[in-house]
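Q: Mind looking over this structure? Questions follow.
Nothing in this text is a laboratory measurement; each read-out follows from the coordinates by a stated rule. This one's a predicted model, so the numbers in the text were calculated from it and none came from an experiment. Note that we place each Cβ from the backbone using ideal geometry, even for glycine, and neighbour counts take in every protein chain shown.
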Amino acid sequence: MDGAALRVNPFRADPPGIRHIGEAGPVLKACLPMRVAAIDLGKVRVGLAVSDELGVIAHPRPPLAGSNQKKLIGELVVLAREEKIRRFLVGLPLNRAGEEGREAKRIRKFAQALADATGREIELVDERFTTVEATRRLREGGVSARRGRQRVDGASAAVLLQAWLDRAGAHDAGRERAT
């Protein structure tokens, strides 16, 4: 190494003499926020939202086609790899009483296929009223009913994801105060 200084990353658990640049070690990885994606699965269109790098804000994405599940899962595999998604939230349709309906079985099957294809964590999340809330927010933002139909799927996924991020942030803040 001709006098070059060896930089040691104290967050890596590698043996001395092994040099890694640009990778977080196991301790640092545990401290980094994770990027999360939320999916509002429809038969025709699939709403998608992705968190920012800090895991604080949900950003809606353009809808994906929902008619071909194999193609959809392939697109989500690419998304997970390129955007470094560590967890997918999949909206689970429940009725007003909180029980699973007929669509829930299809969603569970999709979630398992997504987990198998991506190797990422999958969390099923109650999606009741997300479309209603997304539609309300779009209207308040001045989006017309016609344009709103094109955006409501991503907005619904963003509502789902933002609620999850807010709960996760409150949980983390409570844990920090307790220590």
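Q: Given R₀ = 22 Å, FRET efficiency for residue 126-residue 52 by Cβ-Cβ distance, to 0.05?
A: Approximately 0.40, to the nearest 0.05.
Q: Compute the length gained on full extension between residue 117 and residue 147: take 0.36 nm times their separation in residues and subtract their Cα-Cα distance, giving the result in nm to one decimal.
A: 7.5 nm
Q: A further question follows. Using DSSP to call loops (not H, G, I, E or B), can you name the trypsin sites (Lys or Arg not before Pro) in the range 88-145 whose Cβ has at most 12 other Cβ atoms within 10 angstrom?
A: 96
Q: Net charge near residue 96, counting Lys/Arg +1 and Asp/Glu -1 over other residues with Cβ under 12 Å of its Cβ?
A: Around residue 96, the surrounding residues sum to -1.
Q: Which cross-chain or sequence-distant (5 or more) residues have an amide H under 5 Å from the amide H of residue 127, H modelled 1.01 Å from N in plane?
A: Those lying under 5 Å, H to H, from residue 127 are 92, 94.
Q: Within the range 71-148, report the GluC sites (Glu not before Pro) that DSSP leaves as loop and that have at most 13 other Cβ atoms within 10 Å.
A: The qualifying sites are 99.
Q: Normalised by the residues of the range 34-178, what does the relative contact order come to in percent, with Cα pairs under 8 Å and at least six apart?
A: Here the relative contact order equals 30 percent.
Q: Would you mind checking the range 111-139 for residues with the amide N under 16 Å from a putative spin-label position 7 Å along Cα→C-beta of residue 69?
A: Only 111-118 pass the distance filter.
Q: OK, next. Using R₀ = 30 Å, calculate the FRET efficiency as 1/(1 + (r/R₀)^6) where r is the Cβ-Cβ separation of residue 34 and residue 136; round to 0.05.
A: 0.55
Q: Follow-up. Binned at 5 Å from 0, what are the whole-percent values of the Cα-Cα distance distribution for the range 34-178, short to long?
A: Per 5 Å bin, starting at zero, the Cα-Cα P(r) for the range 34-178 comes out as 2, 10, 19, 23, 20, 15, 8, 2, 1, 0 percent.
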